[in-house]
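Comments concern the structure below.
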Amino acid sequence: MLAAGLDVGVELDRARARRLRRELVRHEALGKASRSLARRDLTQRELAERLSRAEVPPAARDEALGRLVQSGAVDDGRFAKSRAELLAERGAGDALIRHDLAERGIVEEIVETAVAGLEPEAARAERVVERRGATPRTVRYLAGKGFSEDSIEGSCGEAIAEEAPPAVP
């Protein structure tokens, strides 16, 4: 523990003991953060919240986050891209993807970059319609999955016309 000023034959006085404790706290914080990341990828905010719940002191938490971000182990851009792709594969629209990423603490410009890298929303909506059919129920499904009105109209125009109430003169 050279960082704490320890070496063979050196007396462990109060100042060295304090330094040793600070080093141990930083080491524990980095260990907790690493174990959290071993399970799944996390955003900076999610990892900070986990460390806070684990009662890691703010200074040690910030240092651990900084080191993990600097090393590339925590990367909000990479997380946003992979999460957006996963949600798109599961049939989510752009609005749902944006909401999910924003809820995880990812800044708007990274969210927009991740969404821009996806297959166009209209094409994803069309695939859902091909699988489920162009029915009023599919229209409601797409709306619930966060697809825009334009994407829904483009892929289910006939079903929307069927669901619309008759015009009153």
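Things worth noting here:
- None of Glu119, Glu112, Glu162, Glu158 is open to solvent by 60 Å² or more (accessible area, probe 1.4 Å), part of a helix (DSSP H, G or I) and at pLDDT 90 or above except Glu112.
- Given (1) closer than 21 Å to Glu23 by Cβ; (2) outside any helix (DSSP H, G or I); (3) open to solvent by 20 Å² or more (accessible area, probe 1.4 Å), number of the condition Leu65 does not satisfy: (2)
- Matching residues in region 96-109 - criterion: being touching a helix residue (DSSP H, G or I) at 6+ places or on another chain (Cβ under 9 Å), part of a helix (DSSP H, G or I) and of a type outside the set (Val, Ile, Thr): Leu96, Arg98, Asp100, Leu101, Ala102, Glu108
- When residues of region 1-55 are limited to those that are modelled with pLDDT of 80 or more, acidic (Asp, Glu) and part of a loop (DSSP other than H, G, I, E, B), the one farthest from Gly66 (Cα to Cα): Glu55
- The lone criterion from (1) open to solvent by 70 Å² or more (accessible area, probe 1.4 Å); (2) in contact (Cβ under 8 Å) with a residue 24 or more places away in the chain; (3) under 22 Å from Glu103 (Cα atoms) left unmet by Glu28 is number (3).
The values are calculated or read from the model by the stated rules, or taken from the named source; none is laboratory data. Everything quoted here is computed from the prediction, not taken from an experiment. Using ideal geometry, Cβ is built from the backbone for each residue, glycine included, and neighbour counts are taken over all protein chains shown. These area figures cover heavy atoms from the full protein model, side chains too; ligands, DNA and RNA do not enter into them. Shrake-Rupley method; radii C 1.70, N 1.55, O 1.52, S 1.80 Å.
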